[in-house]
Structure formats: C-alpha cells, structure tokens
C-alpha cells in the first residue's frame with residue numbers, strides 16, 4: 001500500500017498505531033531531515049512501552065510510555081535535522097518545545113493552518129494537530145503516502161515553508 005487515508009473518531013487506535021509504526025520505521029532508517037508542521041503541539045504519548053518492546057529502538061528513553069518529545073530527541077540524537085514550524089505562543093506548545101533541547105530548529109509561521117510530518121520516507125498530512133487531542137480524541141482525517149513523487153514534492157514544499165517562517 002503506497003497511500004492510505006485514516007479517519008479517526010475519538011478513541012480509535014488506528015491513527016496512533018499508524019504514527020507508532022511510521023515513527024518506529026523512521027528511527028530505524030532515519031531521514032536526513034524531518035519537517036513537523038503543526039500550529040499546536042503537545043507532548044503526547046505515542047507508544048505504550050510497558051512491555052519494553054521499544055527499549056532497544058529508543059535506548060535513550062526510559063519509562064512506560066514514549067512521548068512525541070522522546071521520539072524527536074532520539075531522531076536528533078541520531079543526527080537528523082529536525083525542523084518544526086508551529087505557533088510557539090500557545091502554552092501547551094511552548095511547554096513542549098522546552099523539552100526538545102537545542103538540536104531541534106523551531107520557526108513560527110503566521111496564520112499557518114497546515115499540518116503534517118514530512119520525511120524522505122513518508123508524508124502524513126491532514127486535519128490533525130500533533131497534540132493529545134489531535135491524536136487521541138478529535139475526529140481527524142489524515143492521509144499517509146509513501147509515493148516517491150508525493151513525498152519529494154512535500155519535502156520541497158516544507159523547505160519553502162521553512163524559508164517563509166520566522167526564525
């Protein structure tokens with residue numbers, strides 16, 4: 001399957017499972033650069049690690065749950081260039097960004113409503129903010145693609161958005 005649309009409705013697991021799988025694959029075979037574009041962000045749990053099944057994959061992470069910040073920090077530790085475009089004025093987002101450290105680049109883009117995660121391996125985009133509510137509660141519609149042409153186009157577009165954004 002080269003692309004898929006996921007419609008989540010509060011409490012469904014398919015979106016969270018998809019993110020867990022995509023981000024695990026990204027940690028195994030990291031891209032050189034990743035763009036996370038989301039007006040709002042929060043440090044939401046992505047993976048349940050109570051059985052320690054992700055411990056070898058994320059050796060710098062401790063605890064029963066693996067959070068979005070843990071995944072981003074692991075990718076940065078693996079020398080991936082992480083670029084985040086968001087609205088850093090929202091308290092929840094500001095708190096999240098403080099967890100990431102200096103290896104992650106952050107920019108603000110005024111009036112941005114676009115949401116997505118772009119790597120050289122995949123592109124996920126749609127209505128979902130990368131927050132607890134966006135991933136776990138809200139009814140969302142996202143599309144994941146592995147189609148090379150679409151992923152490359154999304155990377156070029158993300159780079160352009162990055163240049164537009166205030167650093």
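The values are calculated or read from the model by the stated rules, or taken from the named source; none is laboratory data. All of these numbers come straight from a predicted model, not from anything done at the bench. Positions of Cβ are backbone-derived with ideal geometry, glycine not excepted, and every protein chain shown enters the neighbour counts.
Kindly indicate whether any position in region 117-138 is farther than 29 Å from residue 9 by Cβ, out of contact with any helix residue (DSSP H, G or I) (no Cβ under 8 Å at 6 or more places or on another chain) and crowded, with 17+ Cβ neighbours inside 10 Å.
Looking for residues that are farther than 29 Å from residue 9 by Cβ, out of contact with any helix residue (DSSP H, G or I) (no Cβ under 8 Å at 6 or more places or on another chain) and crowded, with 17+ Cβ neighbours inside 10 Å, one finds none in region 117-138, hence no.
For residue 83, are the conditions met, namely being surrounded by 17 or more Cβ atoms within 10 Å (Cβ to Cβ) and at pLDDT 95 or above?
Yes: the conditions hold for residue 83.
Residues to consider are 25, 36; find the one that is under 15 Å from the mean Cα position of the chain (by Cα), in contact (Cβ under 8 Å) with a residue 40 or more places away in the chain, surrounded by 21 or more Cβ atoms within 10 Å (Cβ to Cβ) and within 26 Å of residue 114 (Cα to Cα).
One residue alone meets the criteria, 36.
Among the numbered criteria (1) crowded, with 16+ Cβ neighbours inside 10 Å; (2) modelled with pLDDT under 95; (3) under 19 Å from residue 16 (Cα atoms), which one does residue 96 miss?
(2)
Output the residues belonging to region 48-78 that are more than 17 Å from residue 117 (Cα to Cα) and either under 15 Å from the mean Cα position of the chain (by Cα) or touching a residue at least 40 places away in the same chain (Cβ under 8 Å) (or both). Show your work before the answer.
Residues of region 48-78 that are more than 17 Å from residue 117 (Cα to Cα), as a first pass: 48-66, 77-78.
The answer is 66, 78.
Going by the conditions given, is residue 110 in a loop (DSSP other than H, G, I, E, B), exposed (fewer than 13 other Cβ atoms within 10 Å of the Cβ) and either touching a helix residue (DSSP H, G or I) at 6+ places or on another chain (Cβ under 8 Å) or modelled with pLDDT of 90 or more (or both)?
Taking the combined requirement at face value, the residue does not satisfy it.
Using the structure shown, decide if residue 56 is over 22 Å from residue 86 (Cα atoms) and in contact with a helix residue (DSSP H, G or I) (Cβ under 9 Å, 6 or more places away or on another chain).
Here the answer is no, as residue 56 does not meet what is asked.
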